[in-house]
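Input: a single structure, listed below in structure tokens.
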Amino acid sequence: MDTDTIETVFVAGASGDTGRHLLRLLDRRVPTVRALTRSAERTSELRSLGADEVVVDDLLDPDEDDLAGALADTDVVLSAVGSDATDVLGSGPYVDGEGTVALLEAAVDAGVAAFVMESAIGVGDEPASRLATAFDVAIRPLQAAKATAEAAIRDANVRHTVLRPGVLTNGPRTDTTSVAEPGAKLWGAVSRADVARLMAAAPVTDAAADRTFEVVSEPAFPGRSLSVDWRLPGRDDADVPVRTE
Ligand SMILES: NC(=O)c1ccc[n+]([C@@H]2O[C@H](COP(=O)([O-])OP(=O)(O)OC[C@H]3O[C@@H](n4cnc5c(N)ncnc54)[C@H](OP(=O)(O)O)[C@@H]3O)[C@@H](O)[C@H]2O)c1
């Protein structure tokens, strides 16, 4: 996709810590940012963060007509949804799995051009770092749910990017992320602001098409990470270019 052809971006998980960064980043870059939340009470807050439109729905019990309508003229879906860690004590279903698949299927039916998922390091069957293994042990049902969603995304007829960040922080955007193919065994932390930057960039970044990446910022992995020139939709002068090494 070209950087200037994106008209409408749908942000799922918009009220969350990554999602809020997405709203702020996209606000002046694309004409319409549509934010999903389960809570109508969050509407004014999401608008103040940069959402042009707010969609109220629950991906685990969606109103299918409403969701289809909200996705009808959407170019890009960015999904930063996630369960609370305490949800692992229940038996599911999880928004990380079934909820994300429901969103994906609605997006494909609507003809959305690109779908980006914020997953987590350790998801999937590739060799994993100790950090990833710790994630798997601590939140195994959520990791398994994310793996199901990732697989559905890779099988779907839509351009996709799956990002698997390490430990998320609320630190500032650094633009110093390392990305690598699954199995590279990256470990460490990355700010939600940095992840949001890569999510927004993925649909217009050639090297991110139909790829899955492990993502960390600290420490750096100069020998294991890929060189990618990340673009952003919208005006080129509104942001500095980012190259992950
Ligand atoms: N914590 C970590 O260190 C870590 C590391 C790697 C990856 N991750 C993953 O990264 C992602 C983003 O994490 P985050 O901390 O930025 O998110 P977060 O603050 O926990 O926000 C989660 C979002 O998911 C939405 N959501 C939850 N259930 C939903 C449902 N049934 N339908 C629609 N929306 C729903 C919530 O929206 P409403 O409440 O407004 O409906 C909220 O905006 C998650 O998938 C997380 O598992 C986390």
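The values are calculated or read from the model by the stated rules, or taken from the named source; none is laboratory data. From a predicted model like this one, the values you see are computed outputs, not experimental measurements. FYI the Cβ positions are ideal-geometry reconstructions off the backbone, even for glycines, and counts take in every protein chain you see.
Residues are listed down the side, and each one gets a yes or a no for (1) away from the ligand (no atom under 12 Å from the Cβ); (2) surrounded by fewer than 22 Cβ atoms within 10 Å (Cβ to Cβ); (3) within 29 Å of V9 (Cα to Cα); (4) without any contact (Cβ under 8 Å) to a residue 12 or more places away in the chain:
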residue	(1), (2), (3), (4)
R140	yes, yes, no, no
L168	no, yes, yes, no
G183	yes, yes, no, no
D210	yes, yes, yes, no
S225	yes, yes, yes, no
(message) Looking only at the range 29-46, filter to residues that are under 23 Å from T5 (Cα atoms) and not in a strand (DSSP E or B); which one of those is farthest from the ligand (Cβ to nearest atom)?
(response) P31
(request) Quickly run through the range 56-82 and pick out the residues that are in contact (Cβ under 8 Å) with a residue 60 or more places away in the chain and of a type outside the set (A, V, I, L, M, F, W, C). (result) D73, T74, D75, S79, G82
(message) So P31 ticks every box in (1) within 19 Å of H160 (Cα to Cα); (2) surrounded by fewer than 16 Cβ atoms within 10 Å (Cβ to Cβ) but one. Which box is left unticked?
(response) (1)
(request) Quick one: count up the residues across the range 47-65 that are modelled with pLDDT of 95 or more and assigned to a helix (DSSP H, G or I). (result) 3
(message) Considering only residues that are more than 21 Å from A138 (Cα to Cα) and assigned to a strand (DSSP E or B), which ones fall in the range 154-180?
(response) R159, H160, T161, V162, S178, V179, A180
(message) I need a count of the residues in the range 82-123 that are closer than 18 Å to V167 by Cα, surrounded by fewer than 23 Cβ atoms within 10 Å (Cβ to Cβ) and modelled with pLDDT of 95 or more.
(response) 1
(message) Of everything in the range 114-127, what is in contact with a helix residue (DSSP H, G or I) (Cβ under 7 Å, 6 or more places away or on another chain) and either away from the ligand (no atom under 16 Å from the Cβ) or among the aliphatic types (A, V, I, L, M) (or both)? Give them in sequence order.
(response) A114, V116, M117, A120, I121, V123
(request) Might you let me know whether the range 9-24 holds any residue that is over 30 Å from V123 (Cα atoms) and either more than 10 Å from the ligand (Cβ to nearest atom) or not in a helix (DSSP H, G or I) (or both)? (result) no
(request) Considering only residues that are more than 11 Å from the ligand (Cβ to nearest atom) and of a type outside the set (A, V, I, L, M), look in the range 47-57 and name the one that is nearest to the chain's Cα centre (by Cα). (result) G50
(message) I'd like to check something: does the range 77-93 contain any residue that is among the small types (G, A, S) and more than 12 Å from the ligand (Cβ to nearest atom)?
(response) yes
(message) Can you list residue pairs whose Cβ atoms sit under 7 Å apart, with the first residue in the range 110-121 being in contact (Cβ under 8 Å) with a residue 12 or more places away in the chain and the second being of a type in the set (D, E) and within 16 Å of the ligand (Cβ to nearest atom)? Count only pairs 6 or more apart in sequence or on different chains.
(response) M117/E150; S119/E150; I121/E214
